[in-house]
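Asker: Encoded as structure tokens, here's the structure I'll be asking about.
The values are calculated or read from the model by the stated rules, or taken from the named source; none is laboratory data. No experiment lies behind these values; they were computed from the predicted model shown. No Cβ is skipped: glycine too gets one built from the backbone with ideal geometry, and neighbour counts run over all protein chains shown. Only protein heavy atoms, including side chains, enter the accessible area calculation; ligands, DNA and RNA are left aside. Shrake-Rupley method; radii C 1.70, N 1.55, O 1.52, S 1.80 Å.
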Amino acid sequence: MSLRVALGLCRSVLIYFNPMMMRRTRQLYDGILNSGDLVFDVGAHVGTRARAMRSCGARVVAFEPQPAFARFLRHTLPRDIVLVEAALGPSEMRAEMSVSLRHPTVSSLRASLPDEARTMPGFEHVKWDARADVAMTSLDRMIAQHGLPRYIKIDVEGFETEVLSGLSHPVQLISVEYLPGLPDVSNRAISMIADLGAYEFNVVRGENAAFEWGTWRDLAAMQAWLGALAPDAGSGDIYARLRG
């Protein structure tokens, strides 16, 4: 592992292994997961979400394509978390990931992200200065292998719609990261989820790990909220759950 890769990994560990942040995440998952639930963590990064899900009693399958982070997870995750060292997308293939060595959390399979990010608040100092050839599989294929999850968490820096294109099964709960600078991605993602079943939506801003709304809302309300989001509002997660 090169020094720059190691420093990027250490930076992510220092940011995300924050005890307060991890405690809030655990509290969020305590409210939506049950012991024994099968969950998919797509874009596991340093594994803090996977660990929080496991601590709630969930059975976790974690997906991470970045070689340095997959290696870190291989050696540090609890043995009962299944690690798949691959990205998720439309089908089985090899793919090229744009990697930021200094800010590896925003490494992405979205080829246009480095150009789009030039005008996105919060990305002013990010450079995608490396490439990684990674394996890719699909949610449908992983469901066939591991079973139908109750929850799928997707955090893949603008590649959300490609991940969802590999899913043909309605899932009880799905979350996707939203980036205010990529509103078309978020709108397309929630429309794809709505096509799978009768979903309602809620929002968690940033790492606050608390739902924005006291009641879940329909697709039109979710679209309106996204349309009113300021470009510098910061990222977060959209949650979708099946009604009833």
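Asker: Distance between Cα centroids, the range 152-230 to the range 1-39: provide it in whole Å.
Answerer: Centre-to-centre distance over Cα atoms comes out at 20 Å.
Asker: Nearest 20 debye, what's the magnitude of the dipole of the chain about its Cα centre given +1 on Lys and Arg Cβ and -1 on Asp and Glu Cβ?
Answerer: On the way: 26 positive and 27 negative charges, 170 e Å.
I would put it at about 820 debye.
Asker: How large a share of the accessible area of the range 9-154, in percent, is made up of carbon and sulfur atoms when the probe is 1.4 Å and the other protein chains stay in place?
Answerer: On the way: 3490 of 6770 Å².
Roughly 52 percent, rounded to a whole number.
Asker: OK, next. Placing one identical point scatterer on every Cα of the range 49-157 and ignoring solvent, what is log10 I(q)/I(0) from the Debye formula at q = 0.20 Å⁻¹?
Answerer: -1.13
Asker: Would you give the gap between the C-alpha center of the range 117-145 and the C-alpha center of the range 89-106, rounded to a whole Å?
Answerer: Here the two parts' Cα centres lie 4 Å apart.
Asker: Counting only heavy atoms of the protein chains, get the accessible area per residue of the range 1-143 (1.4 Å probe) and round it to a whole Å² value. Walk me through the intermediate numbers first.
Answerer: Values: 6920 Å² over 143 residues.
For the range 1-143, the per-residue accessible area is 48 Å².
Asker: Name the residues whose placed amide hydrogens come within less than 5 Å of the amide hydrogen of residue 152, ignoring near sequence neighbours (fewer than 5 apart) on the same chain.
Answerer: 40, 173, 174, 175
Asker: Something else: Quick one: Debye curve from the alpha-carbon atoms of the range 105-218 only, equal weights, vacuum; give me log10 I(q)/I(0) at q = 0.14, 0.17, 0.21 Å⁻¹ to two decimals.
Answerer: With no solvent term, the Cα-only Debye profile gives -0.67, -0.96, -1.31.
Asker: With the dipole of the range 31-81 worked out from charges on the C-beta (+1 for Lys and Arg, -1 for Asp and Glu) around the Cα centre, which of 39, 57, 77 lies farthest toward the positive end?
Answerer: Of the options given, the answer is 77.
Asker: At q = 0.13 Å⁻¹, what base-10 log of I(q)/I(0) does the Debye formula yield for the range 1-105 when every alpha carbon is treated as an equal point scatterer in vacuo?
Answerer: Values returned for q = 0.13 Å⁻¹ are -0.49.
Asker: Show me the helices of the chain, taken as full DSSP H stretches, that run 15 Å or more along their long axis by Cα and average -0.5 or above in Kyte-Doolittle hydropathy. Numbers along the way, then the final one.
Answerer: On the way: long enough: 3-16 (20 Å, 1.49); 19-32 (20 Å, -0.75); 183-196 (20 Å, 0.31).
Helices passing the filter in the chain: 3-16, 183-196.
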